[in-house]
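Take a look at the structure set out below.
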Amino acid sequence: MAANPQPKSSAVPTVKLLIDGQFVDSSTREWRDLVNPATQEVLARVPMCGPDEVDRAVKSAAEAFRKWRNTPIAARARIMLKLQDLVRRDMKKIAEVLTREQGKTLPDAEGDVFRGLEVVEHACSIGTLALGEFAENVATNVDTYFIRQPLGVCAGITPFNFPAMIPLWMFPMAIVCGNTFVLKPSEQDPMTTMLLAELAMEAGIPPGVLNVVHGGKEAVDALCTHPEVKAVSFVGSCAVGEHVYKLASQHGKRAQSMMGAKNHAVLMPDANKEHSLNSLVGAGFGAAGQRCMAVSVGVLVGDAQKWIPDIVAKAKSLKVSVGTEKGADLGPLISKQAKARVEGLIEDGVREGAKLELDGRGIQVPGHPNGNFVGPTIFSGVKTQHKIYNTEIFGPVLCLMAADSLDEAIDIINRNPYGNGTGIFTQSGAAARKFQNEIDVGQVGINVPIPVPVPYFSFSGSRGSRLGDLGPYGKQAIQFYTTVKTVTARWFDDATVSTGIHTTIALK
Ligand code: NAD
């Protein structure tokens, strides 16, 4: 995506900002082309906002907060009920736009919308999710209770790989808790997110309660340092996530960063072979490997090492094509730069001595010579010192490693700095239980390749994949987007009030 300082061309649509309930053109001088990764067709131009436009959005959100914070819970929940209905209504339309700008296949794009929709459904239960607690008679005539209150203006910064699901992890939960929100979607595919913003307006979210700005570092840094922003939720790469977490925290904000990953799947020799191999290949190459929960390392234990030819055969059978084509299994990478980076890492793997079992470079997709396609690629004999093992490749590249025992496999995974997700494939309850107990990774699948929790739980990536104690959706999001106020109250009849001055701290 090329930066372009020229004024926007009238032939190509522009991506709007949402400020104060209005979809408006940005006044920035810097615009970028948003291209279809399968064709390089320019779909729209994206404004790169600076601090002024971020300030306008935050001020609108701060003003709207004054009223929204006291809007009854049921009224907020009803808007979410309406929003889930609208997202369901427009699912196919949203998925089509998502495929065009992001590249993933249509069924996968629908999955992206659906996993976000589930969070909106969960937000409808706010009436019971954000309850406080009450203790009667903690001392004579004294009760103590806590209430959950919204924080104020919250901000969300999202990555390119789930342009529906991840914005929906954030703004519905923040808003239903009584906060107002400024969202900064990825500049690589913001059109999907804007469709969701339109639906949010249609659902009845009042002006200023949800705002959207676009751009990159300048806009993000302005959000992280703005005095009116109380909390920042980030999802994206480690390098940017660490920067955002640090900057927002230094400026007194509550912060959370969900970041990069290297997810391992352990295949035990007693596993159901067909299920395990299908899971490994699906989770390794689906969405062209551009998922933070993609399986990028297979650890083959003992006799499971004999399955390499079967893994390669299954990977070869996948169809690489444009996301709109029926039967496509994986589409293009998001950009030419991403393709060049992934191909460079494959070259590194070859140079460092890993065995290239399947090479996806140079793949041709008929009718689409300009797409950013890389086919499924498999290395075996991968060692922990290899760059392809130590780097989040974020492409359709699967590294296969050998281990003699489950203990060795667990040791490999626990020494890897990331902790987003992992899985074990086995028929043994004892092996699965040992793995669940000893593995130091926040999300564990047992015969499940991509263990992303449903929204009544929370996303719980750990270690190098996350900064901050609380996850972005589920019960932890309620904690993230509210603050607890504890009240200790004494009510009494004048006739029964005790007399005398108490100088101790104990309540009587
Ligand atoms: P990215 O870090 O490049 O971008 C994320 C956001 O940060 C975007 O909105 C972008 O505009 C902004 N940004 C980019 N550079 C910036 C800078 N220098 N300063 C401030 N802001 C900046 O990530 P991406 O390439 O869009 O997404 C892929 C990454 O996201 C992968 O590492 C993937 O693992 C991770 N991811 C993690 C999760 C999770 O839940 N752990 C989920 C999805 C994606």
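Numbers for the structure displayed
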item	result
Given (1) farther than 21 Å from N420 by Cα; (2) outside any helix (DSSP H, G or I), index of the condition R351 fails	(2)
Those residues of region 193-215 which are touching a helix residue (DSSP H, G or I) at 6+ places or on another chain (Cβ under 7 Å) and away from the ligand (no atom under 16 Å from the Cβ), in sequence order	L195, L199, A200, E202, A203, G204, I205, P206, P207, G208, V209, L210
Total residues in region 239-284, condition within 16 Å of the ligand (Cβ to nearest atom) and under 15 Å from A315 (Cβ atoms)	2
Condition broken by F425, with the remaining ones in (1) more than 15 Å from the ligand (Cβ to nearest atom); (2) surrounded by fewer than 24 Cβ atoms within 10 Å (Cβ to Cβ); (3) aromatic (F, W, Y) satisfied	(2)
Region 81-129, residues that are open to solvent by less than 30 Å² (accessible area, probe 1.4 Å) and in contact with a Cys (Cβ under 8 Å, 6 or more places away or on another chain)	I126
Answer residue from region 380-410, given it is surrounded by fewer than 23 Cβ atoms within 10 Å (Cβ to Cβ) and within 15 Å of the ligand (Cβ to nearest atom) and is farthest from the chain's Cα centre (by Cα) among those	N390
Condition check for F162: buried (at least 23 other Cβ atoms within 10 Å of the Cβ) and either touching a His at 6+ places or on another chain (Cβ under 7 Å) or among the hydrophobic types (A, V, I, L, M, F, W, C) (or both)	yes
Matching residues in region 452-468 - criterion: being more than 9 Å from the ligand (Cβ to nearest atom) and either without any contact (Cβ under 8 Å) to a residue 40 or more places away in the chain or surrounded by fewer than 22 Cβ atoms within 10 Å (Cβ to Cβ) (or both)	P453, V454, Y456, F457, S458, S460, S462, R463, G464, L467, G468
Count of residues meeting criterion [touching a residue at least 12 places away in the same chain (Cβ under 8 Å), among the polar types (S, T, N, Q) and part of a helix (DSSP H, G or I)] in region 243-294	3
Test: residue in region 365-385 that is more than 28 Å from M259 (Cβ to Cβ) and among the hydrophobic types (A, V, I, L, M, F, W, C)	yes
Unique match (being in a loop (DSSP other than H, G, I, E, B) and out of contact with any Lys or Arg (no Cβ under 9 Å at 6 or more places or on another chain)) among P455, P472	P472
Of the criteria (1) of a type outside the set (A, V, I, L, M, F, W, C); (2) touching a residue at least 60 places away in the same chain (Cβ under 8 Å); (3) assigned to a loop (DSSP other than H, G, I, E, B), which one G423 fails	(3)
Considering residues of region 431-451 that are within 16 Å of the ligand (Cβ to nearest atom) and of a type in the set (G, A, S) only, the residue farthest from I413 (Cα to Cα)	G445
Single residue of V365, V448, V374 found to be touching a residue at least 40 places away in the same chain (Cβ under 8 Å), closer than 23 Å to L330 by Cα, outside any strand (DSSP E or B) and under 23 Å from the mean Cα position of the chain (by Cα)	V448
Neighbours by Cβ (under 6 Å, 6+ apart or cross-chain): first from region 485-508, within 15 Å of Y145 (Cα to Cα); second at pLDDT below 85	none
Count - residues of region 1-39 that are within 29 Å of G331 (Cβ to Cβ), modelled with pLDDT under 95 and either of a type in the set (S, T, Y) or open to solvent by 70 Å² or more (accessible area, probe 1.4 Å) (or both)	3
Scan of region 34-79 for residues that are of a type in the set (S, T, Y) and in contact with a strand residue (DSSP E or B) (Cβ under 8 Å, 6 or more places away or on another chain), ordered by number	S60
Checking E218 against (1) more than 16 Å from the ligand (Cβ to nearest atom); (2) open to solvent by 10 Å² or more (accessible area, probe 1.4 Å); (3) in contact with a Cys (Cβ under 8 Å, 6 or more places away or on another chain), the condition it does not meet	(1)
Subset of region 339-362 (residues that are of a type in the set (A, V, I, L, M) and touching a residue at least 40 places away in the same chain (Cβ under 8 Å))	V342, L345, I346, A354, L358
Residue that is farthest from D25 (Cα to Cα), among those in region 203-239 that are in contact with a Leu (Cβ under 8 Å, 6 or more places away or on another chain) and among the charged types (D, E, K, R)	K230
Qualifying positions in region 220-242 - under 19 Å from the mean Cα position of the chain (by Cα), among the hydrophobic types (A, V, I, L, M, F, W, C) and assigned to a helix (DSSP H, G or I)	V220, L223, C224, C238, A239, V240
Region 469-499 - residue that is over 23 Å from the mean Cα position of the chain (by Cα) and among the aliphatic types (A, V, I, L, M) and, of those, most open to solvent (accessible area, probe 1.4 Å)	A495
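Quick grid of which residues meet (1) over 17 Å from A95 (Cα atoms); (2) β-branched (V, I, T); (3) in a helix (DSSP H, G or I); (4) within 16 Å of the ligand (Cβ to nearest atom):
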residue: T144; (1), (2), (3), (4): yes, yes, no, no
residue: F160; (1), (2), (3), (4): no, no, no, yes
residue: P167; (1), (2), (3), (4): no, no, yes, yes
residue: M170; (1), (2), (3), (4): yes, no, yes, yes
residue: G178; (1), (2), (3), (4): yes, no, no, no
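The values are calculated or read from the model by the stated rules, or taken from the named source; none is laboratory data. Please read all numbers here as calculations on a predicted model, not as lab measurements. FYI the Cβ positions are ideal-geometry reconstructions off the backbone, even for glycines, and counts take in every protein chain you see. Ligands, DNA and RNA are stripped out before the accessible areas are found, and what is left, the full protein with its side chains, is counted by its heavy atoms. Shrake-Rupley method; radii C 1.70, N 1.55, O 1.52, S 1.80 Å.
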